[in-house]
2 protein chains.
Amino acid sequence: VSADIWVELPEDTPFPADNLPYGVFTTGGRPRVGVAIGDHILDVTSAAEDGLVGTAPEGTFAGGSLNAFAALGAEVWAPTRERIAELLQNRAAMDKVTLVPQSAARMLLPVTIGDYVDFYSSLHHATNVGMMFRPDQEPLPANWRHLPIGYHGRTSTIVVSGTAVQRPWGQQRGDAGPVFAPSSRLDFEAEVGFVIGPGNGDGSPIAAGDAEEHILGLCLVNDWSARDIQAWEYIPLGPFLGKSFATTMSPWIVPLAALAPSRVPPTPQDPEVLPHLRTSGDTAIDLELTVAINGTVVSRCAFRDMYWTMAQQVAHLTSNGTVVRPGDLCASGTVSGPTPRSEGSLLELTWNGERPLPLDDGTTRTFLEDGDGVVMAGWAGEVGFGVCAGTVLPAG
Amino acid sequence: VSADIWVELPEDTPFPADNLPYGVFTTGGRPRVGVAIGDHILDVTSAAEDGLVGTAPEGTFAGGSLNAFAALGAEVWAPTRERIAELLQNRAAMDKVTLVPQSAARMLLPVTIGDYVDFYSSLHHATNVGMMFRPDQEPLPANWRHLPIGYHGRTSTIVVSGTAVQRPWGQQRGDAGPVFAPSSRLDFEAEVGFVIGPGNGDGSPIAAGDAEEHILGLCLVNDWSARDIQAWEYIPLGPFLGKSFATTMSPWIVPLAALAPSRVPPTPQDPEVLPHLRTSGDTAIDLELTVAINGTVVSRCAFRDMYWTMAQQVAHLTSNGTVVRPGDLCASGTVSGPTPRSEGSLLELTWNGERPLPLDDGTTRTFLEDGDGVVMAGWAGEVGFGVCAGTVLPAG
């Protein structure tokens, strides 16, 4: 993809010509698939209907989600990406394609999600949480270095960036037994999501070395967490209502192809993992995240610091015959690094609320307050992810 | 509903005129909604298209799932049930409706499931599992009597009764560290499922007293479990690959209306639960389950023994603003009673494999062997659920 395109790009846009992420938008009418370019969206649904794409079967972009396109795999993704780049380079296409200002569009959830899996793949996050939630035990569970721990999250409450999130009520520990009250320990978790492309049919395990062929692209995820609800409920079957009230994903799915220049070797694993989880090559991605509360950046964390890779997560997830389907969402778990201010949650940044975090407006935070706006952003070199944003509404 | 119908009923049919459960079937062509009556299926999709039902909007039964019907609620369910009963009573309808022998039909999944929640609502099961999985701790977690513990299961691998289930591979403890091998501790869990009817829109909590208005009906569920995989993976985020390879549901959704005569008071709860989980009246159902392995009944358990009710589960699930949608599946957790042979899993029946269970063919079982057929059945008085069946295939 060349940068020599006819669309004018603002300086520092997250969506230069080398990115071309896919999303779903509306300007009031039917939802359409689009590709972000600078401050604009190229209307892929219209272009395909006008015969300007021609790389995917008719109707692929008609359904108001990326699922049909996701199912087609790299054989179709690669020429489609090439063709969209050509449309942006070819001045003769200027009058043929529809370019919508992002300010005039509303982004929708990009995929219909059949199953959502949230992993727990940062060594630093898992260690920190273990120290706080299970102070009397080894912080890292015995299985942690042997498999990428994960659990199923709720799909009905996955919302797109910009959707306000209401503070949940929930049962939590009280001085004289459990109480039912609004969460007072509402948190974010900065995560990286990936969207499944072609599925595995009736459940053939996907080899770790083939796993990336089943990934359409990446996005940002805020796994909102009510720590008081979670701490009371999670033994022995895991997080449930402490997480299920809302999960926010960013609207643009950045294709793996756009991330090729940001490939890096994964974190070394010790002990060596079992054969079905082994991979070779640069299976990690150098992607930096920032998290801001009301404009103050409170965390800078790096996806390359994760212990488990996406390829290993897909291999693990399908190793027992589980069916994955196009549009399924997997998330990395909180992206936390080893240094101060590289942790991807307030739980860690404030050490369970013990160390209030100063904001630029002179206030401090232990956990989120009503009205707080949480904005995550992600950059892999000059390829941006846009934002994953949400504002906290008071409990109902 | 009167038993005076023109369809001949076999003695001891699970599907008498007072039952009228809904399912989805095919005889080779497009999937259709049907109601079971004796050995037959009344083709509701065709009857609706022929103007013989007339209680639901056009197209309600056209989609090959019960979701659209589920969404309509008791206002439509009640007259539809009445109308179908009339068609079966009215001899003039004999030549107008289509009656398909069940032997000529293949049953399909009755609903498209957006989210699947598995609860853990038997005091006896939770205590037994606690003793085996966490022998050094109190068997019942501190939260257990205060909230109906649950977790999200995988929807992509929910299959209808009759689908063979392959023994999963998975990571498990070995003498010298974890190994990746076929599960050698494959188990069933006998559960009762319920299907969500009308959803709660954008997530308004559903009061416990209103919860049953959001339940279309009940079915049987086999929550297949690989105990070796589960035991190694489940700390701290709960069951994942030990369960996700397959969950079987019975094809017929027995309406709550058919279970009215089997209403009983719920198990007394001590301590009293928080106000939002309190209900009054006969919120439990007297429903007996049997589990057979290769024809030998190994368990007889009673749904009325559950500690937490469906109404409480729905109220808890939505208490934090979680969205439930028509067609969502919830399951009770293993139905285990307090007496020998009333436990709903081999884990408990054989006490973690220590006490092999004799079968009628002279063999014994600790856990399931390849080729074993597991058949669950359920009866609420004369109202039957049919079977929830599956045969174990060898690991791939």
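Observations on the model:
- The spacing between the range A:269-334 and the range B:29-49, judged by their C-alpha centroids, is 46 Å.
- For A:ILE149, the residues whose amide H sits under 5 Å from its own are A:TYR120, ignoring neighbours fewer than 5 places away on the same chain, with H placed 1.01 Å from N.
- Once C-alpha pairs closer than 8 Å and six or more residues apart are averaged by separation and normalised to the residue number of chain B, the relative contact order reads 21 percent.
- Take A:GLY28, push a point 7 Å out from Cα through the beta-carbon direction, and compare it with the same point in every other copy: 5.2 nm, smallest first.
- Taking N as its residue count, the alpha carbon Rg of the protein assembly as shown over 2.2 N^0.38 Å: 0.96
- Amide N proximity, the range B:185-199 versus A:LEU274 label position 7 Å along Cα-to-Cβ, cut-off under 18 Å: B:185-187
- The range B:99-203: C-alpha gyration tensor shape, a/c 1.5 cut-off, then a/b vs b/c: oblate
- Average 1/r across all pairs of distinct alpha carbons in the range A:261-340, invert it, and you get the Kirkwood radius: 14.5 Å.
- Dividing the summed -39500 (n - 2.57) terms of all DSSP H runs of n ≥ 4 by the residue count of the protein assembly as shown sets its mean residue ellipticity at 222 nm at -4000 deg cm²/dmol.
- For the range B:279-396, the Kirkwood estimate of the hydrodynamic radius, built from every pair of different alpha carbons, is 16.2 Å.
- Amide H contacts of A:ILE37 (H built 1.01 Å from N, in plane; Pro and chain starts excluded): A:LEU42 sit under 5 Å, all sequence-distant by 5 or more or on other chains.
- Candidate lysines for bridging to B:LYS243, where Cα separation is under 25 Å - those fewer than 8 sequence places away on the same chain excluded: A:LYS243
- Computed over the range A:1-129: relative contact order in percent, which uses C-alpha pairs under 8 Å that are six or more apart: 29 percent
- For the range A:193-318, the equivalent ellipsoid derived from the alpha-carbon gyration tensor has semi-axes of 26, 21, 16 Å in decreasing order.
- Using the Karplus relation 6.51 cos²θ - 1.76 cosθ + 1.60 with θ = phi - 60°, the per-residue 3J(HN,Hα) values for the range B:330-344 come to 10, 10, 6, x, 3, 8, 10, x, x, 10, x, 6, 9, 8, x Hz, with x marking Gly and Pro.
- Checking every one of the GluC sites (Glu not before Pro) in the range A:58-107 against DSSP loop status and a limit of 14 other Cβ atoms within 10 Å picks out A:GLU58.
- Estimated translational D of chain B in µm²/s (Stokes, Kirkwood radius over Cα pairs; 37 °C; 0.692 mPa s): 152 µm²/s
- Between the range B:96-137 and the range A:212-234, the alpha-carbon center distance in angstrom: 26 Å
- Modelled spin-label separation between B:THR27 and B:ALA257, with each label point placed 7 Å from Cα along the Cα-to-Cβ direction: 2.5 nm.
Read-outs throughout are calculated quantities, based only on the coordinates presented, and are distinct from any laboratory measurement. Keep in mind that this is a model prediction, so the values were computed, not measured. Every residue, glycine among them, receives a Cβ derived from its backbone with ideal geometry; neighbour counts consider all protein chains shown.
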